[in-house]
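A.B. asks: If you scroll down you'll find the structure; I have some questions about it.
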Amino acid sequence: MLSFLKRELWRFRFYKSLESLAFAVLIFFAVTQFGFFSKLFFQAFIDFNPFFILFRNTCVVVGMGLSLTFLYFKISSILKIKISDVASEIEKQNIYFKEHPNRRGELRTAALMLENSLDNSSEDFQEAHLNIWNRRLPKFQRFLLPRREFYFSIALIFLTSSLSIFLHSHYVRTLPTNIQPWTPTQFEIRLPFEGAIWNTQPGALSGIASSEVRFKTPKFSWGLRTFLYVQELNQKWVAYPCKEFCELTLKERGQYAVGTQFFRSSFFPLQVVPDEAPKAVLMVKVDSEWLPATTIEVLNKKELLFQFSASDDIRLTQIELRHRFQDTDEVVQKWSLHEDHFKQELTLSLEGWKGGAHEVYLKLFDATQSANSAPIYILFADENTLREKRLQDLRAMLDEWVHVLGDLIDTDQDQKLAGGLLKRFQEMTYPEQEENSLMTAYIKELKSLGHRIENWAKFSPDFSELKKLIPKTEKAILYGLSLMFQEKTGEIQAAADSLHSSRDDLNKMLEKIREGKMDLNSKDLDEAFKKLASQLEEMQKKIRELPQGPQDDLLNREALQNEADESDNLLKRIEDIKKQAANGDNKGALKELESLLNQLSILSKEMERSLDQWKNNLDKGALQSAERYSKSLKDIQKQQEELAKKTDRLKEKAEKLEGDSQKNWQPIDPDKAKALKKEFAQAQKEQQKISEKLKQTIDQYDKDAEGSEWQQVLRSNEAKQSEEQISDRMKSSSDALNEAKAFESMTNQAEAIELLKNAQKSQQQTLDNIKSAGSSSSKPTARAEKVEIVGNEKQGEKERRRKIMDSLKQKVDDRYQKSHEHYFEDLLQR
Amino acid sequence: MSTISKIFCSVKNFSILIGIFFSIFIFSLNASAARLESFDNYFKGSSLGPVQKKESAHFVVSWVNPKDELIADSLLQHLEAAHQELNPIFKDSSETRAKVPVEIFPDLKSFSDVSKLSMARFKATGTIALTLDQRLMILSPRNLVTGYNWAVTVVHEYVHYLIREISMDHIPIWLHEGVAQIFQGYPYQKEMKLSPSQWGLFKKSKEKNKLLDLDTLKEPFPTRKTPEEAELAYIEALLFADWLNKKCGVLKVIHSAGRLKSVEKALSECTGWSNEVLKKKFMQEILANVTIPAGKDVEFFARDFSGGDPLEVEGKKADKKSRDFAQLSTELFKQGRYRSSATELEKAFKESPVHPPSWQRQLASAYEKVGEKKKSASILDQVVRDYPDDAAAWYLIAQQQYKNGEQKPAWISFVKAFFINPFLDGLAEEMRTLREKNPSFNYSFF
């Protein structure tokens, strides 16, 4: 029983302590609230802040002192509570004692016995009494519950603390209703950035959000303090006590008044402009014109000229010129600023840019926020992109021509014109090509063949003609396929070149590692490996994509994949080296790296050899024969020129004989006439020899070019027509010589010489094209630079742009500069 | 067309044959070597999964790649059928011995690891099957793009196994290889058969007096000076074994060699000639009296290729015009102009007699697309006559037969494709569909 009573004693003390604490808190709040409200009251009269602070703090200290004193006394009394007091409390609360009211007091007696506070005269009785209550213990052994006062005090604590907090947080000084005249004249404003200065402005308070405003405190009455009453949009009135100045940080627009605790001025509008994000217009120069927010296609250009104009309502702090491509977004140039307007012209280098869609834009920062300008989209075409485009164009065109071939073959078999043939030609489009390229020559030939087939189909469907048209079409398609092959080999050459450069980089790194200047686990080496791996993959892919003849697609695909995977040996080795380096086996990794570089070197050499072989296969000696042909034409031209001189001399001789005869009124001397005729016959023989030589040269050239991939361009229809014309002129010359018509012969000879010169020139041009095609990948700069606007610009848009540009050029007064700029920004964003 | 009919097929088989033949050489080298690691042990804990097994009355086949299960049943069925035919010939007391282990290796690396032969040697010789420690080991046909005749290969290996069951030693390499070649076609092909390329090589060597004598045949075949000479050794081994078979029965020679512990004595017993006489007569009579079949295909291979691969040498000579037409045909085929595509391929065939079966298959497909089914079928029949191991052609034939409602012939054609390239794209699925409709169909050719 003793232990039960002791446990309940502590519980009883705990309840009492909480009650006391509640009252202590109540005392504290009462005193501090008094201080708070007193301060508010006195603030309305005097501006002496230290006094208010002291007063408020004193109230807090007094409140705490009173509470603690109260607590001290209460806890002292709680500690004096005995188990007999607890027993009395149990007798009051426990239902057992309510049911047995005659036993009330017995528990307390027992507790007193246990406290030994009774005399020892009746020990037996005490023992018996305790025994009885020990047995009765289970019947009333329950927890002592808190008294009603306990709940009351806890509720009181909750209420007082809630009320105090509510009052502190929601108390607003009431807006006085009495009006006294006051008009704002001017105020000072300070923009929200470091180092900003106060600027005086007239009228009611206004400015950009986050700025600070202030004005000299007006004195209304002696002994009454001035307040700045402010009501922001949808908020309650707040009174800000003024000192020397009435101050406010602008947040939201609303209204304000100035006054005392008892009267105020009329309401004045509070104008707050939200802080605007900085703005900029980025423009690119295309054909001497500055274009904003546009998309341009750039072919093979090294740099672009940009200009931008940026502004902010507060102040620009930083501008970044950024370049975004695929997943990368990098800062190209950065300006740190302290101005609200900034204009700059700059040249952006495009060196090293990859083909694809790039974005160039500005990121602008002011004191509080940042914004991006509208980007300039640049569709940059590098050599690979151009090649890819050429290939796509070529492929699309060839597919159309494959259908033409199909139609021709069907026509031949059915002896009936294939339905879609004419329509196909009407709808056929040819890609635009650069001047002086093999593709241009090829397309020219295709167009010519196309016209021929179209005319044949339209006007003279003589089916025997198909015997010529089909082989010509076949040849044209095969030549197109070989052009594709060349483009592909060009791609491989480019890939091999980049692989070569990666190998050199790795070699340099290896040297550094050997010298201890670089770590095997370095990020640079890892990057180099990644680059190498991607280049190897790219090259393997390109080799696989080379055009081939009929392919066997009925295969075991898994085995095919395994074969392909086996060729990834180099990639596996790279992974192994990385693993070795990661595991700390630097010696092994270094050895493997050296071996890898050797292997790469072998691969590069093999690649070069293969490419040379491909080129040789394409050529098949045709280029040499083309050069021989050009040389022969030159010789023929010389011979023809010699003959022309000789013919000229003959002409003079004939004229002289004729002249002498007319002068002397005598017939021409027959001997001299015979000798002249002989000379003409000799000249005719020479002309025939030259004609024969030309024929032999042409035949030999035809034979040499046969089977070569270049046959189509070297022996084009144009070239053949030109040769026919030369032959015709030579024949005419020969006929004229036969009839001793020197002048007529000379005319034909001159024409033949001119045509020979043209033929040589054209041949040389073709040869140059072929040679440049062979090394197109290594000479990307040989292509013309080009910048074009890609967007489909309508007339209205063009005019709008023009208007903006004109507006920009205008010089306006400083006062209107800002609105002027707003105007063009609005126009641009419209 | 038939002139070149077997050229490609024989050349295609060349590397595989080399591989098969190479096996016996290897096994003889390894005969005394330490035992190889077991299949189960090597693949214990493999990432491919657990080792799986299936068995029949006389064979137990193991594989580890789950995909290889595809050939397990058919392999057992084919081996049992071959066993029924070979057992009486080899007089094998198979009832008392353990089942023959057949192991399907999932890749060349594991094959190399277990057989303890370097990868380089595998690649150089084209080995795809071995008999080591009386275990028949084959590389899964999954590893070869056009597959290989794995059923014939495994019977070839089984013959080596049976010979070693009769006599572990005393059988020279030429006898092993000769006998294995005679019986490798069992149970369906029971005649000794040389390919046109082999006949061509033999003819050429004979005319130039470059045939190998019997002493040379006793030396390891794959280490001959040139691949051509190595192949000649295999040819002569087959011809000599066939001659012995006709003379006194080649199995009798093997049994005698085992009994007398000398092949020379066994040969004397069979031929009645001394060793020296046999050596002379081998060149002067046995090889000299071999009748070489006449035919343009044999003549083709009898030409001098300066040691190069005949197909490669000839392929380089192939007319450019022919390749051009084939390329145009492919372009037309891709654009759906099947009729014109066929016309262009016909032109290609006229330009050159040498062309791969894929061209003919494309021609057949083009004809089929334009509805000329008979023409298409006839071309495919020609392809399988010229190239019996062209799985893709068998597959196309099967597809056509199936479309025509000829389910039984279609199944047989599918099986023929399956026994060459079981992992051909789409083959297994179509076979499964057909079998679901006809559960009685099995992996028998007839």
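A.B. asks: Look at A:Ser153 and say whether it is surrounded by 16 or more Cβ atoms within 10 Å (Cβ to Cβ) and more than 30 Å from A:Gln231 (Cβ to Cβ).
C.D. replies: yes
A.B. asks: Considering only residues of region A:392-432 that are within 13 Å of another protein chain (Cβ to nearest Cβ) and not in a helix (DSSP H, G or I), which is modelled with the highest pLDDT?
C.D. replies: The residue in question is A:Ala418.
A.B. asks: Let me ask something else about it. So which residues in region B:331-359 are at pLDDT 90 or above and of a type in the set (Val, Ile, Thr)?
C.D. replies: B:Thr343 - this is the single residue of region B:331-359 that is at pLDDT 90 or above and of a type in the set (Val, Ile, Thr).
A.B. asks: Sticking with this structure for a sec: Within region A:487-499, can you find the residues that are under 19 Å from A:Met439 (Cα atoms) and either in contact with an Asp or Glu (Cβ under 7 Å, 6 or more places away or on another chain) or modelled with pLDDT of 70 or more (or both)?
C.D. replies: A:Lys488
A.B. asks: Hey, another quick one. Please determine whether any residue of region A:663-682 is assigned to a loop (DSSP other than H, G, I, E, B), touching a Leu at 6+ places or on another chain (Cβ under 6 Å) and hydrophobic (A, V, I, L, M, F, W, C).
C.D. replies: Yes, there is a match, as at least one residue in region A:663-682 is assigned to a loop (DSSP other than H, G, I, E, B), touching a Leu at 6+ places or on another chain (Cβ under 6 Å) and hydrophobic (A, V, I, L, M, F, W, C).
A.B. asks: Would you confirm, using the coordinates I've provided, whether A:Phe41 is of a type in the set (Phe, Trp, Tyr) and buried (at least 17 other Cβ atoms within 10 Å of the Cβ)?
C.D. replies: Against the criterion (of a type in the set (Phe, Trp, Tyr) and buried (at least 17 other Cβ atoms within 10 Å of the Cβ)), A:Phe41 does not qualify.
A.B. asks: Got at least one residue in region B:150-161 being assigned to a helix (DSSP H, G or I), surrounded by 20 or more Cβ atoms within 10 Å (Cβ to Cβ), within 14 Å of chain A (Cβ to nearest Cβ) and free of Cβ contacts under 8 Å to residues at least 40 places away in the same chain?
C.D. replies: No, region B:150-161 contains no residue that is assigned to a helix (DSSP H, G or I), surrounded by 20 or more Cβ atoms within 10 Å (Cβ to Cβ), within 14 Å of chain A (Cβ to nearest Cβ) and free of Cβ contacts under 8 Å to residues at least 40 places away in the same chain.
A.B. asks: Then there's this: Which of the residues belonging to region B:29-63 are touching an Asp or Glu at 6+ places or on another chain (Cβ under 9 Å), at pLDDT below 90 and of a type in the set (S, T, N, Q)?
C.D. replies: B:Asn30
A.B. asks: While we're on this one: For B:Ala410, only one of the following conditions fails: (1) away from chain A (no Cβ under 14 Å); (2) out of contact with any Phe, Trp or Tyr (no Cβ under 6 Å at 6 or more places or on another chain). What is its number?
C.D. replies: Result: B:Ala410 fails condition (2) only.
A.B. asks: Just to be sure before I move on: is A:Ile409 touching a Ser or Thr at 6+ places or on another chain (Cβ under 7 Å) and more than 30 Å from A:Ser211 (Cα to Cα) in the structure I sent?
C.D. replies: yes
A.B. asks: Further, regarding this structure: Any idea which residue in region A:211-223 is farthest from the chain's Cα centre (by Cα), counting only those that are assigned to a loop (DSSP other than H, G, I, E, B) and under 14 Å from A:Glu188 (Cα atoms)?
C.D. replies: Residue satisfying both the conditions and the ranking: A:Thr217.
A.B. asks: What's the number of the only condition in (1) charged (D, E, K, R); (2) in the same structural domain as A:His341 (by TED's automatic domain parsing); (3) in a strand (DSSP E or B) that A:Glu247 fails to meet?
C.D. replies: Condition (2) is where A:Glu247 drops out.
A.B. asks: More than 14 Å from chain B (Cβ to nearest Cβ), crowded, with 16+ Cβ neighbours inside 10 Å, of a type outside the set (Lys, Arg) and under 27 Å from A:Gly356 (Cβ atoms), is that true of A:Leu449?
C.D. replies: no
A.B. asks: It is to be established whether one or more residues within region A:354-371 are over 24 Å from the mean Cα position of the chain (by Cα) and either within 14 Å of another protein chain (Cβ to nearest Cβ) or farther than 30 Å from A:Gly195 by Cα (or both).
C.D. replies: no
A.B. asks: Separate question: Of everything in region A:456-485, what is away from every other protein chain (no Cβ under 14 Å) and buried (at least 20 other Cβ atoms within 10 Å of the Cβ)? Give them in sequence order.
C.D. replies: Passing the criteria: only A:Ala457.
A.B. asks: Okay, moving on. Is there a residue being exposed (fewer than 13 other Cβ atoms within 10 Å of the Cβ), of a type in the set (Lys, Arg), under 29 Å from A:Glu19 (Cα atoms) and in the same structural domain as A:Ser20 (by TED's automatic domain parsing) anywhere in region A:90-98?
C.D. replies: yes
A.B. asks: Which numbered condition trips up B:Ile397, out of (1) more than 21 Å from A:Ile409 (Cβ to Cβ); (2) surrounded by fewer than 17 Cβ atoms within 10 Å (Cβ to Cβ); (3) free of Cβ contacts under 8 Å to residues at least 60 places away in the same chain?
C.D. replies: Result: B:Ile397 fails condition (2) only.
A.B. asks: Something else about it: What residue, among those in region A:1-49 that are among the charged types (D, E, K, R) and farther than 19 Å from A:Ser161 by Cα, is farthest from the chain's Cα centre (by Cα)?
C.D. replies: So, considering only residues that are among the charged types (D, E, K, R) and farther than 19 Å from A:Ser161 by Cα, the one farthest from the chain's Cα centre (by Cα) is A:Lys6.
A.B. asks: Here is a further query. If I ask for residues that are over 26 Å from B:Gly185 (Cα atoms) and of a type in the set (Ser, Thr, Tyr), which ones from region B:408-446 would you list?
C.D. replies: If the condition is that a residue be over 26 Å from B:Gly185 (Cα atoms) and of a type in the set (Ser, Thr, Tyr), then B:Thr433 is the only one that fits.
A.B. asks: Being crowded, with 24+ Cβ neighbours inside 10 Å, within 10 Å of chain A (Cβ to nearest Cβ) and in contact with an Asp or Glu (Cβ under 6 Å, 6 or more places away or on another chain) is the requirement here; does B:Leu345 meet it?
C.D. replies: When the stated conditions are applied, B:Leu345 does not pass them.
A.B. asks: In region B:96-115, is there at least one residue being assigned by TED's automatic domain parsing to the domain that holds B:Tyr161, farther than 21 Å from B:His160 by Cβ and assigned to a loop (DSSP other than H, G, I, E, B)?
C.D. replies: The answer is yes; a qualifying residue exists.
The values are calculated or read from the model by the stated rules, or taken from the named source; none is laboratory data. For clarity, every value in this text was computed on a predicted model and none was experimentally measured. Cβ atoms come from the backbone with ideal geometry, glycine included; neighbour counts cover every protein chain shown.
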